[in-house]
Amino acid sequence: MGEKLKLSERIKKYRERLEMSVETLAERSGVSTDAIRAIEADETYPALGVLVRLSRAMGQRLGTFMDDQFSSDPIITRAEDRQNGVGVVTHRPETNGGFSYFPLGSGKTDRHIEPFYIEIAADCDAAPSSHEGEEFIIVVSGEVELVYGRESYVLKAGDSMYYNSVVQHVVRSHGGKPATIYAVIFMPF
């Protein structure tokens with residue numbers, strides 16, 4: 001796309017480039033037309049599961065909508081950049097659950113995984129997600145609850161979880177305190 005655009009603008013521009021209506025994208029992705037319109041109007045920031053479904057419906061990797069530029073290997077993300085908010089993609093707490101995503105693979109256009117550092121607010125309200133692929137998560141701080149299918153698991157700092165993401169799942173903070181995690185999402189293409 002060349003130009004630096006907000007995520008909402010990238011989704012809309014790419015959908016239009018494919019000559020796909022909002023209704024067609026909704027049908028192919030399983031995301032409601034109202035939600036797509038709100039995302040494209042930058043009224044809400046979509047959860048990762050929604051972004052995955054939109055990117056798959058348009059035949060693209062998740063990174064297509066999250067990358068601002070190309071970088072040559074190796075891709076290095078400094079901890080201080082995360083601490084200073086460089087590259088953060090924040091779900092507005094009032095509209096989407098209180099997650100802040102720091103993409104760790106931005107610029108690597110040939111990647112097959114999507115790595116993130118994620119801060120989860122104490123009062124997060126995550127929606128269930130289900131999409132093709134696998135996820136691997138390591139808890140850095142706090143406690144995290146993984147609801148996987150009908151089972152619920154609480155993980156502490158240093159614990160990890162690896163699962164098929166086609167099973168409905170929810171990842172959220174636990175115990176009324178914020179948490180941080182590293183997450184790697186793989187989606188077959």
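Restricting the range 144-161 to residues that are within 18 Å of residue 121 (Cα to Cα) and among the charged types (D, E, K, R), the residue that is farthest from the chain's Cα centre (by Cα) is 156. Do we find a residue being surrounded by 14 or more Cβ atoms within 10 Å (Cβ to Cβ), small (Gly, Ala, Ser), more than 19 Å from residue 135 (Cβ to Cβ) and modelled with pLDDT of 80 or more anywhere in the range 42-56? No, there is no match, as no residue in the range 42-56 is surrounded by 14 or more Cβ atoms within 10 Å (Cβ to Cβ), small (Gly, Ala, Ser), more than 19 Å from residue 135 (Cβ to Cβ) and modelled with pLDDT of 80 or more.
Checking each residue in the range 133-153 for being part of a strand (DSSP E or B) and in contact with a Gly (Cβ under 8 Å, 6 or more places away or on another chain) picks out 138, 139, 143.
Provide a single number: the residues in the range 19-34 that are closer than 16 Å to residue 53 by Cα and assigned to a loop (DSSP other than H, G, I, E, B).
Count: 5.
Looking only at the range 8-21, count how many residues are surrounded by fewer than 18 Cβ atoms within 10 Å (Cβ to Cβ) and either on the phi < 0 side of the Ramachandran plot or in contact (Cβ under 8 Å) with a residue 60 or more places away in the chain (or both).
Matching residues across the range 8-21 total 7.
Would you pick out the residues in the range 137-161 that are free of Cβ contacts under 8 Å to residues at least 24 places away in the same chain and not aliphatic (A, V, I, L, M)? Scanning the range 137-161 gives 148, 149, 150, 151, 152, 153, 156, 158, 159.
Within the range 171-189, being outside any strand (DSSP E or B) and at negative phi holds for 174, 177, 178, 187, 188, 189.
The values are calculated or read from the model by the stated rules, or taken from the named source; none is laboratory data. Just so it is clear, the structure is predicted and the values come from calculations on it, not from any experiment. So basically every Cβ, Gly included, is an ideal-geometry build from the backbone, and we count neighbours across all protein chains shown.
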